[in-house]
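Notes to accompany the following structure.
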Amino acid sequence: MTIPTPRQRLTLFDLPLDVVTLDETLDRLGDWISNQPRAPHTVVTLNPEFIVQSRNQPDFVNAMQVADLITADGVGIVWAARQLTNTEVPRAPGFDIVQGLMGRHGADLRVFFLGAKPGVAEIAAQNAARDYGIQVAGIHHGYFDLPEDQRVAELVRGSGADLLLTAMGAGRQETFNQYWRQVMNVPVMIGCGGVIDVLAGNADLAPAWTRRMGVEWIWRVGLDRKRWNRAPRLAQFVRMVRAEKKRTAK
Ligand code: UDP
């Protein structure tokens, strides 16, 4: 039985943000995985791009508002929480959560890998099974259209996974997890961006020093051409936070 721990939840713009460390996050997700009967939970790792991108995507906003746990993925959110709520929020990044769960639960964990280009999730699953000893509950790429969502959700349900890694890009992964949560009924469903690519060895994890300092986005934006067009979004985020701070100070 899980003893509920008191926890602090902030509001950042119109989104919740849980004040939880990585360890507390892993404890809580571990409880959800072991609880009987199994019940579905969604996890969101919030980053500045989500906040900017979701302004004109009500279903993305809703998926974040109703998430069971929403953590600060990086330093941008930590900074914004400091500016707007005067609170020091610990970081619990998506990759660290996934790696932490696999490390803690190993062979007891059945993982479904959903996302990335065809063939990539297979390699990610093989590597994760080799490195952490986890069981592979299922695999599916992330390039399918909405009419196929139900088929994929039912595949996930049938797999009996404990952990669903949904890596299909910001917004799509969170709304998919939320919309199909009851059907999939996986104890922990987490939207985790490029994690399947990293596990497959297709994308480099940012170097340890940037991760320690919480500035891995500098690395990602700087090195990945595809991400250059995203830098304006980060600037927009800074402007949004400044405007909000001014507004609430009045
Ligand atoms: N992805 C996917 N389906 C899509 C779009 C993206 O599976 O329709 C995968 C993509 O292959 C990558 C991951 O989602 O493995 C993250 O993609 P990207 O970095 O473009 O998205 P972001 O999370 O930065 O929005």
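Net charge in the neighbourhood of F113 (other residues with Cβ under 12 Å of its Cβ; Lys, Arg +1, Asp, Glu -1) is -1.
Remark: segment 156-164, residue by residue, has Karplus-estimated 3J(HN,Hα) of 5, 4, x, 6, x, 5, 8, 9, 10 Hz, where x stands for each Gly or Pro and the curve is 6.51 cos²θ - 1.76 cosθ + 1.60 at θ = phi - 60°. Estimated from helical segments only, the mean residue ellipticity of the chain at 222 nm is -14500 deg cm²/dmol, where each DSSP H run of four or more residues counts as -39500 (n - 2.57). If you take every residue apart from I190 with its C-beta less than 13 Å away from the C-beta of I190, what net charge results, scoring Lys and Arg +1 and Asp and Glu -1? Spelling it out: positives minus negatives among the neighbours equals -3. Over all other residues within a Cβ to Cβ distance under 15 Å of E24, the charged ones net out to -2, with Lys and Arg as +1 and Asp and Glu as -1.
If R0 is 22 Å, the Cβ-Cβ spacing of D145 and V183 corresponds to a FRET efficiency of close to 0.80. Ordering S54, S159, S34 from the fewest to the most neighbouring beta carbons within 10 Å gives S34, S159, S54.
The equivalent ellipsoid of the chain has semi-axes of 28, 21, 18 Å, largest first, where each one is the square root of 5 times an eigenvalue of the Cα gyration tensor. Modelled this way, with points 7 Å down the Cα-to-C-beta line, the labels at Q83 and Q126 are 4.5 nm from one another.
Any read-out appearing in this document is the output of simple, stated calculations on the displayed coordinates, not a laboratory observation. Remember, it's a predicted structure, so these values are computed and weren't measured experimentally. Quick reminder, even Gly has a Cβ in these numbers, built from the backbone with ideal geometry, and neighbours come from all protein chains shown.
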